[in-house]
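S.K.: One structure follows; several queries about it will come next.
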Amino acid sequence: MGTAVSEVAIERRHEVAFRFDEERPLPENQDALAGVDVAVDFSLPELAPTHIERYCRWRVPAVIGTTGWYDRLDDVRAWVSEHDASLFYAPNFSIGVALLAGAIRAVTPLVDKLSEYDAYIHEVHHVNKLDSPSGTALMLAEILTSGVDRKSHVEVETQHGPIAAKALHVSSSRAGGVFGKHTVAFDSPFDELAFSHQAKNRKGFAFGAVRAAEWLPGKQGLYTLDDLLGEWIGSATQRATNDPSNT
């Protein structure tokens, strides 16, 4: 992902000032990031909280693409507030995944009224992915459990018998070099409705991360892809409202 982000940043006429990796880890002092406008971090789950705390303390705007650290989200909120920091995080930086999430939010109120439809989520990733299920799958599951009253909790383990009616089953497969495929489906005795997103390569994730990095500087607070898309949608709606051809 670091390589993909660098390539997209350069394509969009940005300068990549520094690169950090396993051989050259993020230092404990701010000097290495002096003068940078924003950091883009796709590191490891166990490193992410430490990196985030440093970005907040240094007041370096940061885009975090690492997942697997969300149990520390309360700590991160506190750091952002304490240091008036700028932090952008997302379980998936694909614009397509953001559109998928929007579609699920739109259909969820209808599914809530139609008890005949049972929801489930399945995701597939490459064999080297560190977390399972993916952060994206859990994000989609949160949308469903928040919007469908009959689904009270997420079940991520393999089921060897009947599953509880209130459980939303989120399953995972790991195979080959799959970049990521997420399917949200609603099954009924009559038909099945499925929403699916499949990444073709890492460049889509990198593009979303770079767009977030372009958007973040000058802002203070904790942001997600919803904030970025919400601003785009608001701008598009405003343009459409002001377009004389729409009257």
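The values are calculated or read from the model by the stated rules, or taken from the named source; none is laboratory data. All values derive from a computational prediction rather than experimental measurement. Glycine gets a Cβ as well: all are built from the backbone with ideal geometry, and neighbour counts include every protein chain shown.
Residue-by-condition table, conditions (1) touching a residue at least 40 places away in the same chain (Cβ under 8 Å); (2) outside any helix (DSSP H, G or I); (3) among the hydrophobic types (A, V, I, L, M, F, W, C):
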position	(1), (2), (3)
Asp131	yes, yes, no
Ala164	no, yes, yes
Ser172	yes, yes, no
Gly176	yes, yes, no
Leu193	yes, yes, yes
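S.K.: I'd like the residue in the range 166-184 that is of a type in the set (Gly, Ala, Ser) and modelled with pLDDT under 95 and, out of all such residues, is farthest from Ser94 (Cα to Cα).
M.R.: Only one residue fits best here, namely Gly177.
S.K.: Does Thr145 meet the test of being in contact with a His (Cβ under 9 Å, 6 or more places away or on another chain) and without any contact (Cβ under 8 Å) to a residue 60 or more places away in the chain?
M.R.: So Thr145 passes the test.
S.K.: Quick one: Leu73 ticks every box in (1) surrounded by 22 or more Cβ atoms within 10 Å (Cβ to Cβ); (2) in a helix (DSSP H, G or I); (3) not small (Gly, Ala, Ser) except a single one, so which number is it?
M.R.: Only one criterion in (1) surrounded by 22 or more Cβ atoms within 10 Å (Cβ to Cβ); (2) in a helix (DSSP H, G or I); (3) not small (Gly, Ala, Ser) is unmet by Leu73, namely (1).
S.K.: Right, another one. Filter the range 80-106 down to residues that are within 20 Å of the chain's Cα centre (by Cα) and outside any loop (DSSP other than H, G, I, E, B), then give me how many there are.
M.R.: Total meeting the criteria: 17.
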